[in-house]
Amino acid sequence: MKNMKRLLCVLLSALLMVSAASVTAFAADADCATGSNDISIEMSSNFFYDGTYEFESVDRVTLSYDLKSGMGLINAQWVLTYDPAKLSVVSAKMPKIANPVIVQKSGMIVGSFTNLALVEFPRYDTFAFVTFDVIGSGSTNVDMQLDYLGVGNPVGGDVAEAYVVNGGIEQNITSQQGFENYTYDMDAWAYSGGVDFKLYDVDGNGQITINDATELQRFLAEMTTLTAKQMLSADVNGDGKVNVLDITDIQRYLAA
């Protein structure tokens with residue numbers, strides 16, 4: 001009887017060890033599947049601003065590359081690289097471009113466009129964005145290399161061209177005739193979740209009107225609440241806060 005009990009104890013111990021290993025493996029797989037990870041994303045670029053963004057228990061992030069240009073764009077080409085062991089592409093878009101060419105490969109996205117009609121960026125607007133599912137944790141780098149960025153200046157029936165970025169190198173085009181007063185600026189940032197909001201469109205009806213400023217005024221007066229999507233739309237100056245400065249920017253936008 002003692003030998004039988006001893007044998008049962010050995011079998012039970014072995015079973016518990018296998019079960020514990022299985023539970024551990026299952027937990028690890030489950031964590032990977034849900035994508036709930038802590039991750040630090042370093043955004044680097046030869047043109048857009050660099051920055052590092054820390055996320056806790058996040059399953060999806062979006063990286064946005066914004067542009068403001070004193071003249072319309074005629075073409076552009078860019079390459080974005082990332083670690084496919086930590087990030088998985090959900091979508092990559094150039095929202096203001098009618099027919100961009102975007103090719104996805106493992107660890108790389110290539111985007112480009114050429115337009116006969118100029119694409120205007122008179123105010124800060126999204127040049128390109130990429131949404132990732134987070135499938136790993138720790139630190140990772142996402143690098144955006146802008147190879148070419150061409151702008152045009154309509155003169156008579158023709159369009160004079162100049163390249164703000166040529167072969168990956170930023171250029172000063174103000175010495176070229178017709179581009180003496182050209183100015184531009186850029187930004188880049190990351191946030192949790194996907195892109196489903198429109199800057200300035202606080203009420204979420206797809207249009208930018210005085211009602212958006214009114215909705216924001218009501219929020220600041222604590223007469224209403226805003227969803228996370230509305231908060232992203234309302235932070236029009238990109239300082240991470242929603243306040244009266246954003247109302248002023250919306251009013252300026254409508255008056256322009």
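Values in this text are rule-based calculations from the coordinates and carry no lab data. For clarity, every value in this text was computed on a predicted model and none was experimentally measured. No Cβ is skipped: glycine too gets one built from the backbone with ideal geometry, and neighbour counts run over all protein chains shown.
Scanning residues 5 or more positions from F47 or on other chains, those with amide H under 5 Å from its amide H are L146, with H placed 1.01 Å from N in the peptide plane. Each peptide among 56-66, 241-251 gets the average number of other Cβ atoms lying within 10 Å of its residues, and from highest to lowest they stand as 56-66, 241-251.
Rounded, prolate or oblate: which fits region 49-141 when a ≥ b ≥ c are the square roots of the eigenvalues of the alpha-carbon gyration tensor, with rounded for a/c under 1.5 and prolate only if a/b beats b/c? Working shown, then result.
Working: a/c = 2.74, a/b = 1.82, b/c = 1.51.
Cα axes put region 49-141 in the prolate bin.
For region 210-255, the square roots a ≥ b ≥ c of the C-alpha gyration tensor eigenvalues yield an a/c of 1.5 or more together with a/b not exceeding b/c, which makes the shape oblate.
Kindly identify region 102-256 as rounded, prolate or oblate by the Cα gyration tensor criterion: order the square roots of the eigenvalues as a ≥ b ≥ c, call it rounded if a/c is under 1.5, otherwise compare a/b with b/c, prolate if a/b is larger, else oblate. Oblate shape, in that a/c is at least 1.5 and b/c is the bigger or equal ratio.
Only Cα pairs under 8 Å and 6+ residues apart enter the sum, and on that basis the relative contact order of region 210-255 stands at 41 percent. Taking 11 Å as the cut-off, no amide N atom of region 110-131 comes nearer than this to a point 7 Å along the Cα-to-beta-carbon line of N166.
In a reduced charge model with +1 at each Lys and Arg Cβ and -1 at each Asp and Glu Cβ, region 210-255 shows a dipole moment near 40 debye about its Cα centre.
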